[in-house]
Amino acid sequence: MHKLTKFYLLLLLAVIIAGSALTYQLIRARKITVKPVETPLISEGYYDITIEDDDPILGNPGAPLTVVLFSNYSCTNCQSKYRDITAFVKAHPQDVRLYIKNTPQGGMIFKANDLAERAVFCANKQNKFWQFSDAVIENKQTVNENNLSQIANDLKLNTTDWLGCLNSDTAIQKTKRAIDLAASLGIDQFPTIYVNNKKINLDKDLSITDMLTKFIVK
């Protein structure tokens, strides 16, 4: 009986010690502040982005900062980023050069997207890419060949050449190469932006203007 009592006393003591240790750990854990891991502004990886001779460029061709925007004309956020970035380039014409990779999205909107991408590509052949692109973005009507033809007329393009280009294999292949390039880079959302071949994290709580300002070499 004495041995049994001693056993229970030792067991009780062990429980008390274990409970005290657990309580200490819980109190200590409450005092630990876990700092969230901050996502970097720009990726560490280097992306090989093909720039073609007929890709539209805005800004200084020899600028130290190269921005590549993968975008399309049906995406509201793409339109917003397009406006912000082009305005930034115009404000810093010697520091930045911008290339656009127009990449139609799939699904029901692909046809209109694809048509718009080919339309601006053909406008670029007459040195009116940026004017045409601005007009498509500001156009509140449904994108179709009639509306795009009206833009071509307003910009005083040679509409015969423009229409001949619109459904040409050259225009179709240009769009296809942009789609293939986006797929090879693993792009699954638009817009996607690269600065000097590194991907920008658009989830950061910064405007694209503030982001780009950080990269300008002084």
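Coordinate-derived values only; no laboratory data. Quantities reported herein were computed from a predicted structural model and do not represent experimental measurements. Cβ coordinates were reconstructed from backbone atoms using ideal geometry, including for glycine residues, and neighbour counts include every protein chain displayed.
Annotations
- With both labels modelled 7 Å from their Cα along Cα-to-Cβ, the residue 87 to residue 172 distance reads 3.9 nm.
- In this structure, the amide hydrogen of residue 201, modeled 1.01 Å from its nitrogen in the peptide plane, lies closer than 5 angstrom to those of 42, 43, counting only residues at least 5 positions away or on a different chain.
- Two-site FRET efficiency, residue 207 against residue 160, from Cβ-Cβ distance with R₀ of 35 Å, rounded to 0.05: 0.25
- Viscosity 0.890 mPa s, 25 °C: Kirkwood-radius Stokes-Einstein D of the range 57-213 over Cα pairs, µm²/s: 153 µm²/s
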